[in-house]
Every structure is written in C-alpha cells, then in structure tokens.
Amino acid sequence: MKHCHVCKTECEDSAELCPLCGADLSREVEETEKAESEKTEINDPVLLATFEDIVSSEIFRDILTENGILYSCDGEDAMRVTFGGGFVSQDIFVDASDLAQAEQLYNEFLDSEVSFDGEFDEEFFEEEE
C-alpha cells in the first residue's frame with residue numbers, strides 16, 4: 001500500500017488517483033521533491049489565492065508545479081481566528097510574471113471543484129423524518 005502525498009490516505013499500489021482527495025498518485029514523490037528542490041526564488045511575489053481547505057491547497061500547488069509555476073506559501077498552516085471560531089488557511093504567492101497564467105489555472109481549478117451548497121442536507125433530513 002502507498003500513501004497519498006496530499007491527505008496521507010492509504011491507497012492501493014496500482015491507484016493513479018487518491019480515492020479520498022483525488023490527488024494524482026501516478027507521479028513519484030521523489031519527482032515532486034526533486035522539482036521543489038530545483039526551484040529558484042520568486043523575485044516579485046504577489047498573492048494569488050487564499051485557501052481555507054488545506055487539501056485543495058495541496059492539489060492546486062500540484063497544478064502549479066505541473067505547469068512550471070514557482071510558488072511560495074505563508075508557512076505550513078496559518079491559523080486565522082474569526083468570530084465564533086477559527087479555521088486553517090494558506091496563502092499562495094507567485095511571481096508577478098507568472099500571475100496571469102496562475103490566475104487562469106486557479107479559475108479553472110475553482111470551476112472544476114464540486115460545490116455542495118447544502119443540496120445533500122435537504123435529502124438527508126427528509127430521509128430521517
């Protein structure tokens with residue numbers, strides 16, 4: 001069994017996608033580590049996006065890496081406290097010269113994410129009654 005590099009879920013050795021988060025498992029972790037070690041500095045960092053979901057952040061950072069866009073994050077996990085509670089979020093910065101391409105990838109990523117918007121809540125509560 002191998003483990004997903006994004007969410008750490010145990011996956012079958014033959015799996016190409018993580019069954020939990022959908023991360024690409026076909027790439028070797030060594031290739032990812034090698035690519036990250038070859039990165040150069042970002043000269044003119046600009047904020048691209050803030051992710052409240054760390055799994056989505058990991059998946060999107062994989063997309064940036066696959067497209068050759070250098071990025072940096074504001075740390076492992078940054079805790080943002082809001083009224084009534086807190087949540088974990090992560091800021092992703094890219095070089096200003098890569099911003100247009102990174103924004104396009106980000107918009108495509110947002111369009112591809114499934115939005116639940118409570119549609120399952122109604123079905124769940126109807127079945128319980």
Handout entry: Lys34, sole failed condition from (1) modelled with pLDDT under 80; (2) part of a loop (DSSP other than H, G, I, E, B)
Key = (2)
Completion exercise
Counting only residues that are more than 16 Å from Phe109 (Cα to Cα) and modelled with pLDDT of 80 or more, the range 37-51 contains a total of 6
Practice task
Can you give me the number of residues within the range 11-22 that are part of a loop (DSSP other than H, G, I, E, B) and either in contact with a Ser or Thr (Cβ under 6 Å, 6 or more places away or on another chain) or at pLDDT 80 or above (or both)?
Solution key: 8
Fill in the blank from the handout: Flagged in the range 52-77 as over 21 Å from Cys21 (Cα atoms) and either at pLDDT 85 or above or not acidic (Asp, Glu) (or both), in numbering order, are Gly68, Ile69, Leu70, Tyr71, Ser72, Gly75
Practice task
Return the residue satisfying two criteria in turn: it lies in the range 44-64 and is free of Cβ contacts under 8 Å to residues at least 40 places away in the same chain and outside any helix (DSSP H, G or I), and of such residues it is surrounded by the fewest Cβ atoms within 10 Å (Cβ to Cβ).
Solution key: Glu52
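The values are calculated or read from the model by the stated rules, or taken from the named source; none is laboratory data. All values reported here derive from a predicted model rather than from experimental measurement. Reconstructed Cβ throughout: ideal geometry from the backbone, glycine too, with neighbour counts over all protein chains shown.
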